[in-house]
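To start, the structure under review is shown below, and the notes come after it.
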């Protein structure tokens, strides 16, 4: 495992376009739309002054109450979460296809022969790719989105200042450090929740001789269809197609950051709720809910399944070199 830091650097440099530049471009587009929105607001304000006799910014400033600042602070918190959430959509596609090609592409271009000539074990190679998907890419996306949110705060503060409005009271009413801490807590939770998908995609990337996408995606879909069809014919099948679809979804979609939010796991237990009672209303990133997911049976069954699939991928990595067109 002494080679692991070097292998992680290799994964970053080989996939920097997806790991780094994808969240940069996504958040850059959000900031660009913010600037365009400010320009549109200025144009609308100028036209309103012409057609409707204008309006007084002094009157707006005088009418702002303490509750308005609290609402603005909550709006900043929601915006910070959105800056972290929107890049996750792009990150899902990056990680999905990264994992599908992680162990297949170097077999296809035969560079696997070079890597196997180095003193690097298959277990090191596979684990480095799993860790890159579990931690490296999500942490980079979180850092980029946080920096983009800070740029957003600066832009909004300057825009407010140009109109004689002070954004500092609203920022003081927000909770940027608490929100960032809650978002940081989701990284290890997302990593554990994503293990079934990570192991599943890595296994087919290591095992399939061609078209790993079809093997990884079509096989669960065929199982869902076959189970529903056999059940309709009165044959032996699982009682609920929905349960089979849920298992297939865990194999294919769990790498989506925050996908555990769609689960039926709720924050149960007064001890968890009481421990975070003083945190206000953190919404979707409620630490009590995250703690409930951390201690849920579904999460740890998925972890065991993911570890087993990663072990199978390591085994396949040592026995599969050739590919077919």
Inset, instruction - State all residues of segment 106-115 that are in contact (Cβ under 8 Å) with a residue 12 or more places away in the chain and surrounded by fewer than 17 Cβ atoms within 10 Å (Cβ to Cβ); if no residue qualifies, say none. - result: 108, 113
Legend entry - Condition check for residue 29: assigned to a helix (DSSP H, G or I) and either at pLDDT below 90 or within 25 Å of residue 310 (Cα to Cα) (or both): no
Inset, instruction - For segment 84-100, state whether one or more residues are over 30 Å from residue 182 (Cβ atoms) and either in a helix (DSSP H, G or I) or without any contact (Cβ under 8 Å) to a residue 12 or more places away in the chain (or both). - result: yes
Inset, instruction - Could you tell me which of the residues 214, 185, 202 is in contact (Cβ under 8 Å) with a residue 24 or more places away in the chain, out of contact with any strand residue (DSSP E or B) (no Cβ under 8 Å at 6 or more places or on another chain) and surrounded by fewer than 16 Cβ atoms within 10 Å (Cβ to Cβ)? - result: 185
Legend entry - Set 268, 223: member being surrounded by 15 or more Cβ atoms within 10 Å (Cβ to Cβ) and modelled with pLDDT under 90: 223
Legend entry - Residue among 293, 244, 255 that is modelled with pLDDT under 85 and in contact with a helix residue (DSSP H, G or I) (Cβ under 6 Å, 6 or more places away or on another chain): 244
Inset, instruction - Search segment 161-182 for residues being loosely packed, with under 15 Cβ neighbours inside 10 Å and in a helix (DSSP H, G or I), and hand back the single one that is nearest to the chain's Cα centre (by Cα). - result: 181
Inset, instruction - Mind telling me which of the residues 126, 120 ends up being assigned to a loop (DSSP other than H, G, I, E, B), surrounded by 15 or more Cβ atoms within 10 Å (Cβ to Cβ) and touching a residue at least 40 places away in the same chain (Cβ under 8 Å)? - result: 120
Inset, instruction - Report yes if residue 316 is touching a helix residue (DSSP H, G or I) at 6+ places or on another chain (Cβ under 8 Å), assigned to a helix (DSSP H, G or I), buried (at least 16 other Cβ atoms within 10 Å of the Cβ) and at pLDDT below 90, otherwise no. - result: no
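The values are calculated or read from the model by the stated rules, or taken from the named source; none is laboratory data. Fair warning: this is a prediction, and the values are worked out from it, not measured in the lab. Neighbour counts are summed over all protein chains in view; Cβ atoms, including those assigned to glycine, are modelled from backbone coordinates with ideal geometry.
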